[in-house]
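Got a structure here, written out as structure tokens. Questions coming.
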Amino acid sequence: MSLVMTMPPAVEPVSVADAKAHMRIDGDDEDVLIASLLLTSRLHIEVALSLALVTQKWKLTLDRWPRGRDVELPLSPLRSIDEIRVKDAAGVASVVPAESYLVDIASRPPRLVWNNQVPPSPQVRANGIEIEITAGFGASAESVPAPLKHAILMLTAHWYEHRDPGEVGSSDARIPEAVSALINPFRTIRL
């Protein structure tokens, strides 16, 4: 299984101006660094939570369908499954009709559920199934929950203040506990 971003978010959840105001920075000398830290902070939080904050498109590739055939999708909140393609022996992909499946966006993780039928089997050994998805809270920064935006601000400020390389696992490299507390309610809990 692989997951590849095909369209990044159009905007970041937190602007450089907002980060500079949060960190009380005047002038434009550090704008490139701050923009980079904002991007890195967003990516860190998205990976930690299996979330897409601002609307983005991804392609999930599978070798074959899971045993139960329903597919747990690795990103939340899921907006849509845009297309499913299955490859034949020649490697030519055919689109699976949308009427063949349901999209359960209420579950966490979201699921692709088949409508009482057997999904078409790929005829190639690797990467025979492609699922195009759209995920994210919405297309604008305003759609991202405030605690996640604040966590991005705090993590950006932390990395801005701690620029020296630290050894992985050292207290310098540790994510602040306040950031973890802000993102914890968005974690997926398996029972």
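Kindly evaluate VAL14 against the criterion of being touching a Pro at 6+ places or on another chain (Cβ under 6 Å), farther than 28 Å from SER100 by Cβ, buried (at least 20 other Cβ atoms within 10 Å of the Cβ) and not acidic (Asp, Glu).
Answer is no for this residue.
Would you call ARG67 of a type in the set (D, E, K, R), assigned to a loop (DSSP other than H, G, I, E, B), at pLDDT below 95 and over 30 Å from ALA181 (Cα atoms)?
yes
Let me ask something additional. Hey, among the residues in the range 118-153 that are among the small types (Gly, Ala, Ser) and assigned to a helix (DSSP H, G or I), which one's farthest from ILE175 (Cα to Cα)?
Going through the qualifying residues, I end up with SER143.
May I ask you to say which residue of LEU53, LEU75 is touching a strand residue (DSSP E or B) at 6+ places or on another chain (Cβ under 8 Å) and surrounded by 17 or more Cβ atoms within 10 Å (Cβ to Cβ)?
Of the residues listed, the single one that is touching a strand residue (DSSP E or B) at 6+ places or on another chain (Cβ under 8 Å) and surrounded by 17 or more Cβ atoms within 10 Å (Cβ to Cβ) is LEU75.
Quick one: VAL11 ticks every box in (1) in the same structural domain as ALA181 (by TED's automatic domain parsing); (2) within 12 Å of the chain's Cα centre (by Cα) bar one, so which box is it?
Going through (1) in the same structural domain as ALA181 (by TED's automatic domain parsing); (2) within 12 Å of the chain's Cα centre (by Cα) one by one, VAL11 breaks only (2).
List pairs: first in the range 36-50 and of a type in the set (Lys, Arg), second buried (at least 22 other Cβ atoms within 10 Å of the Cβ) and assigned to a helix (DSSP H, G or I), Cβ under 6 Å, 6+ apart or cross-chain?
From residues that are of a type in the set (Lys, Arg), the pairs are ARG42/ILE152.
Out of the range 20-32, which residues are surrounded by fewer than 15 Cβ atoms within 10 Å (Cβ to Cβ) and either in contact (Cβ under 8 Å) with a residue 24 or more places away in the chain or not in a helix (DSSP H, G or I) (or both)?
Listed by number, the residues that qualify are ARG24, ASP26, GLY27, ASP28, ASP29.
Which residues, counting only those in the range 1-19, are hydrophobic (A, V, I, L, M, F, W, C) and either closer than 19 Å to ILE133 by Cβ or outside any loop (DSSP other than H, G, I, E, B) (or both)?
Answer for the range 1-19, where residues must be hydrophobic (A, V, I, L, M, F, W, C) and either closer than 19 Å to ILE133 by Cβ or outside any loop (DSSP other than H, G, I, E, B) (or both): MET1, LEU3, VAL4, MET5, MET7, ALA10, VAL16, ALA17, ALA19.
Right, next: Test of understanding: among ALA106, ALA90, which residue is out of contact with any strand residue (DSSP E or B) (no Cβ under 6 Å at 6 or more places or on another chain), assigned to a loop (DSSP other than H, G, I, E, B) and closer than 18 Å to PHE186 by Cα?
Unique residue meeting the criteria: ALA106.
The values are calculated or read from the model by the stated rules, or taken from the named source; none is laboratory data. A quick note: this is a predicted structure, and the numbers were derived from the prediction, not measured. Cβ sites come from the backbone with ideal geometry, for glycine too, and all protein chains shown count toward neighbours.
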